[in-house]
1. Taking a virtual spin label 7 Å from the Cα of B:Ser12 along the C-beta vector, which residues in segment B:79-110 bring their backbone nitrogen under 20 Å of it?
2. Sort the following peptides by mean Cβ neighbour count (other Cβ atoms within 10 Å, averaged over residues), highest first: A:104-111, A:24-31.
3. In Å² (nearest 100), what accessible area is buried between B and A, both sides summed, heavy protein atoms only, 1.4 Å probe?
4. I want to verify the translational diffusion coefficient of segment B:4-109 in µm²/s; compute it with Stokes-Einstein, Rh as the Kirkwood radius over Cα pairs, at 20 °C and 1.002 mPa s.
5. Expressed as a whole percentage, what fraction of the accessible surface of the protein assembly as shown belongs to carbon and sulfur atoms when a 1.4 Å probe is rolled over the protein heavy atoms?
6. Once the convex hull of the alpha carbons of the protein assembly as shown is built, what does its volume come to per residue, in cubic angstrom?
7. Roughly how big is the protein assembly as shown's charge dipole about its Cα centre, with Cβ charges of +1 (Lys, Arg) and -1 (Asp, Glu), in debye to the nearest 20?
8. Give me the lysines in straight-line cross-link reach of A:Lys109: C-alpha distance below 28 Å, same-chain residues under 8 apart excluded.
Amino acid sequence: GALVYQYPRRTICKSGTSMRMECQAVGFQATSVAWYRQSPQKTFELIALSTVNSAIKYEQNFTQEKFPISHPNLSFSSMTVLNAYLEDRGLYLCGARYNERLFFGHGTKLSVL
Amino acid sequence: GDQVEQSPSALSLHEGTGSALRCNFTTTMRAVQWFQQNSRGSLINLFYLASGTKENGRLKSTFNSKESYSTLHIRDAQLEDSGTYFCAAELAGNTGKLIFGLGTTLQVQP
């Protein structure tokens, strides 16, 4: 399958601070990038879907003001969690779409103190 | 989620045996993907199906959009097959958004 590199693998931040995560498609160009959050109970929530040269579509309960995403080219995307609080904890996964399939990075595990 | 009902929630197999996982959809889906999440959290894409059946090694998956279900069959289970398996479906007419099931946690025992 296609390789997606996401970093950092895990991060701890103080309540009210922000953290940025990055996603790199290795050796291919993704037609779109989807950012998900997986809760500790393992349920997945789509945060936003980003296609280069199109507006980023945020799902209900997620906003650009809270989770700004940058998607400058077909191989790279980043997302920031602003003012993180306990409810933002979880595993954040970026999925890069290639030939209809979605390939995920390792995810960024966010802990908030 | 509500639109994707995955079963069973947990499954235990002995090495060499097999079983099937299933996802039922409450609305029309255009395609389904199956993923394995390993102990480190990495999600591995196993299959993409818009229809029909695909096979890859000891895994076989079927998607029937008319009857709104998909299955993942595992045969000759190995210890490394342990993990959580998710189906994720894409709504008809909606490109890009995947709706995940709640997962099946598989434990393969010696």
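The values are calculated or read from the model by the stated rules, or taken from the named source; none is laboratory data. Computed from a predicted structure; not experimentally measured. Glycine gets a Cβ as well: all are built from the backbone with ideal geometry, and neighbour counts include every protein chain shown. Note: areas computed on protein heavy atoms with side chains; ligands, DNA, RNA excluded. Shrake-Rupley method; radii C 1.70, N 1.55, O 1.52, S 1.80 Å.
1. Only B:79-85, B:103-110 fall inside the zone, counting backbone N under 20 Å.
2. A:104-111, A:24-31
3. Details: alone 5850 and 6580 Å², together 10740 Å².
When B and A are taken together, about 1700 Å² of accessible area is lost.
4. Numbers: Rh = 13.6 Å.
Taking Rh from Cα pairs, D becomes 157 µm²/s.
5. Working: 5100 of 10740 Å².
Within the protein assembly as shown, the accessible surface is 47 percent carbon and sulfur.
6. Normalising the Cα hull of the protein assembly as shown by residue number yields 118 Å³.
7. Working: 21 positive and 16 negative charges, 65 e Å.
Charge dipole of the protein assembly as shown: 320 debye, to the nearest 20.
8. A:Lys14, A:Lys42, A:Lys57, A:Lys66, B:Lys97
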